[in-house]
Amino acid sequence: MPAVLLAAGLSRRLGRPKALVKVNGSELVVWVYNRLIQAGCFPVVVTNDDTLASINRLLPSAHVVVNPEPDAGRTKSLQIGIRAIQRLLDRTPKRVVMAPVDRPAWNAPLLRDLLACDGNVAPSHQNRKGHPVVMDAAAIQAVMEAEPDRPLRDVVAFNPLPVLAPHLHLNIDTEDDLATLESFLGELQDCFPEGEGI
C-alpha cells in the first residue's frame with residue numbers, strides 16, 4: 001500500500017518546519033513515516049519544501065519530492081506525491097494512504113484497521129473524522145483532476161471508521177499545540193498497543 005506523507009507546509013504560525021519539530025526525542029516526520037512503514041505502507045513518498053536536505057538525512061530510505069508551491073494547498077502536495085508514486089510503480093495505485101505530518105496522534109494499529117476497510121475511509125472519534133485517510137482508485141483520479149487549492153474534503157467523501165483516539169484531531173500549528181501534545185504523551189503511550197506513544 002503506497003502512502004503520501006505531507007510535510008511541505010511553510011509553518012508560518014509555528015515559526016519553524018513542523019516536520020522537524022522534536023517531540024519526545026523524535027521529529028514529527030520520522031514519527032509519522034515510521035508508523036506508515038509499521039502498518040505495511042510502501043513506498044512512502046514525503047512531500048517537502050525547503051527542508052529537503054534535513055528530511056533526506058533523517059529518512060534516507062524515503063522517497064522525498066519537492067512541492068515548489070507549498071502555499072498552493074494540501075491537495076497540490078497530494079497530487080505531487082501521487083505522481084511520484086505513479087513514477088515509482090510505473091502505474092497508478094489502486095489505493096493510497098495520505099498522512100499529514102501535523103496530525104500525529106495515531107498509531108500503526110489504527111492505520112491497519114483503516115487498510116482492512118474497503119473504499120475511502122478515515123478514522124472517526126466522537127463522530128468527527130481525522131487522519132490518516134485511505135483513498136481508492138476513483139478518489140485518486142478525482143484528486144488528480146481537482147484544482148490544486150481545492151480542499152480534499154470537497155473532492156473525496158470518506159466513510160468514517162469509529163476509533164478510540166481522543167487526540168486524533170490535534171493539529172500541530174502553534175507552540176501551544178506542541179505544549180498540548182507534550183501534556184498527554186503519557187496518555188498516548190497508554191493507548192497505543194506498542195507502548196510507544198509519540
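The values are calculated or read from the model by the stated rules, or taken from the named source; none is laboratory data. Please read all numbers here as calculations on a predicted model, not as lab measurements. A quick note on method: Cβ atoms are made from the backbone with ideal geometry, for glycine too, and the neighbour counts reach across all protein chains shown.
Tabulated results
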read-out: Tally of residues being at pLDDT below 85 and either closer than 13 Å to Leu5 by Cα or outside any strand (DSSP E or B) (or both) across the range 24-42; value: 2
read-out: Residue identified as part of a strand (DSSP E or B) and farther than 18 Å from Met144 by Cα among Val64, Val45; value: Val64
read-out: Those strands (runs of 3 or more DSSP E) lying entirely in the range 120-174 with at least 1 residues polar (S, T, N, Q); value: 121-125, 159-162
read-out: Residue satisfying all of: in the range 67-78; in contact (Cβ under 8 Å) with a residue 60 or more places away in the chain and buried (at least 18 other Cβ atoms within 10 Å of the Cβ); farthest from Glu145 (Cα to Cα) among these; value: Pro70
read-out: Options Asp90, Asp49, Asp113; residue that is of a type in the set (Asp, Glu), in contact (Cβ under 8 Å) with a residue 12 or more places away in the chain, out of contact with any Asp or Glu (no Cβ under 6 Å at 6 or more places or on another chain) and farther than 18 Å from Ala8 by Cβ; value: Asp113
